[in-house]
Structure formats: structure tokens, C-alpha cells
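Here the structure is laid out as C-alpha cells; the discussion comes afterwards.
Only the coordinates and a few stated rules stand behind these numbers; no lab work does. For clarity, every value in this text was computed on a predicted model and none was experimentally measured. No Cβ is skipped: glycine too gets one built from the backbone with ideal geometry, and neighbour counts run over all protein chains shown.
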């Protein structure tokens, strides 16, 4: 096992963990806003680690550029769509959950 | 490595199927819509994983298309929703 | 295929009908729409597992950028009014039996296909050099069965004529959020680049005119969402010319050989690849326009483009 494959393994597992954390948050958190927050963990960190993990094992420049492009697109678009969904929720009168 | 990537792809697929329960449970429409965002991101991750072994397979391009338009689904809902009043669903 | 591949394919094969069933029996419209988007995603996976990446590209771009957006727009117009109860069992009682009967009828047909059959692959590969491109799908679409594609593009133009009847031109919208303008500024250049790339790639990999057109149409939808443009007036000659360029070019290319005494739709030998790429570019633009026309444009006062007040859905 080379250094690269160990690093890649660690990154891929970390990415899978963050995706899982995002889904757990989605299912267990008490309201829309907290769920949105959990979702962004999957988007940013989960996908980010997966991209890094894949880039390490296959360092072709074209591939790395594509991976970087995909990740930054998801970052930008999920940030904007989360903001818009949150705004929609606020407009509809959904108040954030507070500790009872 | 191929096995590891496939295993993680299966795990992510299971994640998506789990997320579908949030769609059914709701309770508000915003909860349901935001799961659509998760679909897109997970789709990107799975396609990148599956396409890692074969560079000429074009799976990377499918991932690129998903990453481009995943948020469009969510946004077209919130952008077109009028102020209708009443309680949220 | 390792055993993990089997697990992946098996999970996918199981998930597809289950999610489809949930779409049909969803307790409310919102659930049905979101599950349908999920179904599109799962279908795109399935297509890649089957090796049909061209179809997966179309499924991805149309399912998320176009039909997903269309469904969500319609959903946002409806006022949800309580849970819709699934229909009582008596009306649909015969449905599972019919489906089961169909499945039993189809099963022997599917089972009789030898697992190692390659279909027409060998015949196509044998003549691939003559087509001018290296990708078998594009070769079939544009060269071996070019006549079918020609007729299909004409059908597409006819469909756009139907959309034209529903097209309402609205004054330039004034609303629009900064956020979405930024997003459009990010997505649109990538969409244009990607569609150009897909047209070029179609010659030697998954891609082609339809995929490129669908991606471009998705970019158009983003522009409409950001309210940066209003739906173009299809009565203007320029727009109509744009719409007809693709099919007209195709007809011209098809008919030209007749003038020199060669059969219909035979490309000049040695130049076939170039002609195909040029044709696909023109087609992609026309397809993008047709697809984008289906998306309802936002109204001037910032309200949605909903044509009339709906009473809401049960």
C-alpha cells in the first residue's frame, strides 16, 4: 500500500462519514433550518473529501480540474439553494426550533 | 481500490434511500424540497466514484451535469412560490 | 464483475420499482414530485450501470434541469390542502394482477436473450470507420440511421409549434435576487462550455447534439429563474430562424447529395466527421431552444408565471 492509497482511503472514508452524518442530521434534527445545516456538511465536506481522495490516486491534470470544478459547482449551488430554502421557510412562518 | 469505491458507492446509495424517508415524513414542504439537494450531491459523489477506474467512460461528465443542475430543481420551487398565506405544509 | 458490483446493481434494481411505487401512492403531491426527482436520479445510475452513458447524460440534464424544474414550478403553484388519501383499494385491485401478468409474459423473452449477446455491436463496429466518427452511438444516430434522426428533429420542431401556442410573452421582469444572478453567472458559462464540449465529445465518447442541447436548455432555465431575461418572443423572425436552423441544415445536408447524383443523406467521403459535428452543433441549438420553451417564464410583477389561479390540489 503506497502513501497515496492510504491517504486516498482515509479521505474516501472521511467523505463517506460526512455524508452519513448529513443524512443522520437530516433524519434526526428537529426543524428545517437545522436539517439544512446538516445537509451542507454532506455537500461541502463529504463531497470535498471524496474528490480529494479520488484526486490523490489518479493525478491526471484533466481529472483533477474536473473534480475541482464539480466540487466548486456543488459548493456554490448548494449554498445558494440552502439560503433560498431557508428564506422560503422564514417567509412561510416556520420559526426555528428552540430548546423547550 | 475498485472494491472500496464500489462499497462506498453502495453506502452512499443507501444514504439516499434513507433520506427518502425524510421526504415522506415532512412535515413541511421545505423539508421535502431540501432532500432533493441531497440527491444531487450524492449522485455526483457516486458517479465520480464509479467513474474513477475508467477515464474514458464519461461518468465524470454525467457527474458534471448533475453538479450543474441539482440546485436548479430546488430553486425553481422556491423562486416560483407565491405568497399564498396560510399555514405551511 | 465482483460481488460488490452485484450488490450495487441489486440495490439499484430493488430501489427503482419501490420508489416508483411510492411515487404513485404518495400521500401528497409534494412527496410525489420529490420522489420523482429521486427516481430520475436512480434511473441515471441505472443507465450508467447498463453502459448507456449517452442516455444517462440526457436523464441527468433533463431530469434535474428541465423536468425536475417544471414539476417543482407546478408544485409551487398548487396550494396544498391536506393529505391526499390514496385511492380506496377496489379501483386499483386489478392493477397488480395485470402487472404481474405482463411481467410473467415478458420474463421468458428476457430470459431467452443469451447473456453474452452483443446485439448489433459487432455490425456497427465493423462499419465504424465508414461513418467518420469513433463513437458507435453517434455513428448510428447521425450516419447509419441518419434518416431517422432527421425525421425526429422535424417532429421536435412540430412539438415546438404546439408550445408556441401556449407561449405568453411578458414584459421584462423587474424582480430578481442577487443570489440567483450570481448563480446564473456561475452556471451559465459552465453550461455553454459543457454543451460545446459534449458536441465535440460526441464524436469519440458519450455526448452528442441532444445531450448538448439539454444542458444548454438547463442554462436557459437558470437564466429565466434569475429573471435576467424574459421569454423571447417566438414571433420574431430571428427566433424562428434560430429554431429552424438545425432541422433546415439537416435537410439541406441530406438533400445536397441528390444534386450530384448520390443517394440521400450520404456525407462527402472523408469529410463525414466534420459534417456530423457541424450538424450536431446546429441541432443542439435548436434542441436547446425547443426544450427551454417548455419552461414557464416568470411574470413581470415578480409573481410566478402561473397562467391562472388554481384552486389547489387535494
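Output the direction-averaged projected area (hull surface divided by four) of the convex hull of the alpha-carbon atoms of region A:1-50, in nm².
Numbers: hull surface 12.1 nm².
Computed as one quarter of the Cα hull surface, the answer is 3.0 nm².
The alpha carbons of the protein assembly as shown occupy a box of 84, 63, 53 Å along the principal axes, longest dimension given first. Principal-axis analysis of the Cα atoms of chain A puts helix A:32-41 at an angle of about 10° to the longest axis.
Its DSSP H runs of at least 4 residues, each contributing -39,500 (n - 2.57), put the calculated 222 nm mean residue ellipticity of the protein assembly as shown at -23000 deg cm²/dmol, to the nearest 500.
Here the spin labels are modelled as points 7 Å beyond Cα on the Cα-Cβ line, and at residue C:259 and residue A:65 they lie 4.0 nm apart. Label-to-label distance, residue C:4 versus residue A:37, with points set 7 angstrom from Cα along the beta-carbon direction: 3.5 nm.
For chain A, the ratio of Cα radius of gyration to the globular rule of thumb 2.2 N^0.38 Å stands at 1.31. Scattering from chain B was approximated by placing one identical point on each alpha carbon and applying the Debye formula without solvent; log10 I(q)/I(0) at 0.13 1/Å stands at -0.53. The calculated FRET efficiency for the pair residue C:192 and residue C:94, based on their C-beta separation and a Förster distance of 56 Å, comes to about 0.65. Work out the FRET efficiency for residue C:125 and residue A:90 from their Cβ-Cβ distance, taking R0 = 60 Å, and round it to the nearest 0.05. Between residue C:125 and residue A:90 the formula returns 0.55. For chain B, a Gaussian network of Cα nodes joined below 10 Å ranks B:47, B:17, B:38 by mean-square fluctuation, and the top entry is B:17. With R₀ fixed at 35 Å, the C-beta to C-beta distance from residue C:229 to residue C:154 puts the FRET efficiency at about 0.80.
Once you sort the root eigenvalues of the Cα gyration tensor of region C:232-282 as a ≥ b ≥ c, which label holds: rounded (a/c under 1.5), prolate (a/b larger than b/c) or oblate (the other case)? Don't skip to the answer; put the middle values down first.
Working: a/c = 5.01, a/b = 2.10, b/c = 2.39.
Cα axes put region C:232-282 in the oblate bin.
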